[in-house]
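Encoded as structure tokens, the structure appears first; notes follow it.
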Amino acid sequence: MSATDAPITTAPGGRPYDEISKDWKAANLRPLWESALAHKAREGGPAPHHWQWKVLRPLIDDAMTVTSPAAVERRVLTLTDPDAAGGPGSTATNLAAGFQILLPGEKARPHRHTMNALRFVVEGRGAATVVDGKDCPMDEGDLVITPGWTWHEHVHRGDRPIIWLDALDAPLHRYLGTDRFEPGPAHDLPTMPADAAFAFPNIVPELSEPATPFSPVFRYPWAQASAAVKAAPKWKDGSRRVRYVNPVNGGPTMPLMDCYLIQIDSGTETVRFRTTSNAVCLVCDGRGTTKVGEDAIAWDKRDVFSLPHGNWITHRADETATLFLVTDRDALHRLDLLHEQYGNEF
Ligand code: GTQ
Ligand code: FE2
């Protein structure tokens, strides 16, 4: 009867517990002591989930044959972890990710929403996302962001299918009740500074408009990100990492999604690490194993896996590996809820 196994006392001659329970329920009351989580010490975190490219790829082919963006707007297969907080359609706490597919000549019409989104190209080239009027070419490994309330549409000018990973902060918006959507055609387009004005990392344009809460650069090419991570010094966990930032203030790409590229050198294992933040991880290159709490995920190129909060995490590469990570880390930081530990430090 009681989830906490606390003794239920009924005064002599009092009403039976079951009868009282029914009346509480009818009056929209819930006894806290029947909630299993209320006063339990919680260690560790939710289990991770692994989506293997070798399983997904044929299923993605099936999506190409059965539908089109002309029919369904976006041809997306969402990666769903049935146990992730955030309900159906979430990939990890606070994050939703999925694979989007465009065939040559296809386009997905413009729209905008309060949810921040990003696209990381997994296979193919020759597409573009137009973000608030800026044309952002998409080739393998490129990151393109479509921050909250920016107009965006996709076009594919290449000659083979293109597949990219979408990631959105939709679960958080749904929880906060801030999810809004507007179909195109686009109107009231802001004048965005050209990406070329930010082409040199330590020179940024002086902007007369108020700063946007997201990066005014929408495209982060693979050539630059991969060269940067190769040259990066080892971080305290032993991996090399670079962060995709807003060049104006050094902050995250978008308010609720923070992106990193990490390299784990062949034969090395990172020092264990745990955090209150959540990540979805895409394997850009290499092969290895990630331990997340009690689970071990043996991953290969183009696999996706989640790194849910609270678990001790170590990565080991059998072949030098590059991982793209999208996280809610900066959002938690700004809420004073980010806590992180390395190795045995406290
Ligand atoms: O490409 O605009 O995976 O609006 C989910 C919602 C992709 C998109 C998603 C979207 C998009
Ligand atoms: Fe969208």
- Query: Just one of the numbered conditions (1) open to solvent by 10 Å² or more (accessible area, probe 1.4 Å); (2) within 13 Å of ligand 1 (Cβ to nearest atom); (3) within 27 Å of residue 286 (Cβ to Cβ) is not true of residue 117; which one?
  - Reply: (1)
- Message: Can you confirm whether residue 129 is modelled with pLDDT of 95 or more, more than 10 Å from ligand 2 (Cβ to nearest atom) and among the polar types (S, T, N, Q)?
- Response: no
- Examine segment 86-95 for a residue that is in a strand (DSSP E or B), within 15 Å of ligand 2 (Cβ to nearest atom) and among the small types (Gly, Ala, Ser), and state whether such a residue exists. no
- Task: For residue 179, work out the one condition from (1) open to solvent by 70 Å² or more (accessible area, probe 1.4 Å); (2) closer than 30 Å to residue 278 by Cα; (3) part of a loop (DSSP other than H, G, I, E, B) it doesn't fulfil.
- Result: (1)
- Only one residue in 154, 187 is of a type outside the set (Phe, Trp, Tyr), on the phi < 0 side of the Ramachandran plot and surrounded by 12 or more Cβ atoms within 10 Å (Cβ to Cβ), so which one is that? 154
- Consider residue 189 carefully, then state whether it is assigned to a loop (DSSP other than H, G, I, E, B), touching a Phe, Trp or Tyr at 6+ places or on another chain (Cβ under 8 Å) and either more than 26 Å from residue 302 (Cα to Cα) or modelled with pLDDT under 95 (or both). yes
- Out of segment 155-191, which residues are hydrophobic (A, V, I, L, M, F, W, C), more than 16 Å from ligand 1 (Cβ to nearest atom) and within 21 Å of residue 257 (Cα to Cα)? 176
- Message: Anything in segment 103-120 that is part of a strand (DSSP E or B) and either away from ligand 2 (no atom under 16 Å from the Cβ) or in contact with a helix residue (DSSP H, G or I) (Cβ under 7 Å, 6 or more places away or on another chain) (or both)? List them, or say none.
- Response: 107, 108
- Item | Test: residue 116 is on the phi < 0 side of the Ramachandran plot, in contact with a Pro (Cβ under 7 Å, 6 or more places away or on another chain) and in contact (Cβ under 8 Å) with a residue 40 or more places away in the chain | yes
- Item | Search result, residues across segment 87-100 that are over 18 Å from residue 56 (Cβ atoms) and surrounded by 20 or more Cβ atoms within 10 Å (Cβ to Cβ) | 93, 94
- If a residue has to be open to solvent by 10 Å² or more (accessible area, probe 1.4 Å), among the hydrophobic types (A, V, I, L, M, F, W, C) and either out of contact with any strand residue (DSSP E or B) (no Cβ under 8 Å at 6 or more places or on another chain) or over 20 Å from residue 97 (Cα atoms) (or both) to count, how many in segment 316-327 make the cut? 0
- Message: The conditions are (1) in a loop (DSSP other than H, G, I, E, B); (2) crowded, with 17+ Cβ neighbours inside 10 Å; (3) more than 16 Å from ligand 1 (Cβ to nearest atom), and residue 204 fails exactly one of them. Which is it?
- Response: (2)
- Message: Return the residues of segment 26-76 that are open to solvent by 80 Å² or more (accessible area, probe 1.4 Å) and assigned to a loop (DSSP other than H, G, I, E, B); say none if nothing qualifies.
- Response: 28, 29, 30, 37, 39, 40, 41, 42, 43
- Message: It is to be established whether one or more residues within segment 316-331 are polar (S, T, N, Q) and part of a loop (DSSP other than H, G, I, E, B).
- Response: no
- Evaluate the following for residue 107: is it within 16 Å of ligand 1 (Cβ to nearest atom) and either surrounded by fewer than 18 Cβ atoms within 10 Å (Cβ to Cβ) or among the small types (Gly, Ala, Ser) (or both)? yes
- Please report, ordered by residue number, the strands (runs of 3 or more DSSP E) entirely within segment 220-315 with at least 1 residues that are open to solvent by 60 Å² or more (accessible area, probe 1.4 Å), over 26 Å from residue 171 (Cβ atoms) and without any contact (Cβ under 8 Å) to a residue 24 or more places away in the chain. 295-299
- Task: Considering only segment 122-139, state which residues are surrounded by fewer than 22 Cβ atoms within 10 Å (Cβ to Cβ), within 15 Å of residue 155 (Cα to Cα) and in contact with a helix residue (DSSP H, G or I) (Cβ under 9 Å, 6 or more places away or on another chain).
- Result: 134, 139
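The values are calculated or read from the model by the stated rules, or taken from the named source; none is laboratory data. Please read these numbers as outputs of a predicted model, since none were measured by experiment. Using ideal geometry, Cβ is built from the backbone for each residue, glycine included, and neighbour counts are taken over all protein chains shown. The accessibility values were calculated without ligands, DNA or RNA, using every heavy atom of the protein model including side chains. Shrake-Rupley method; radii C 1.70, N 1.55, O 1.52, S 1.80 Å.
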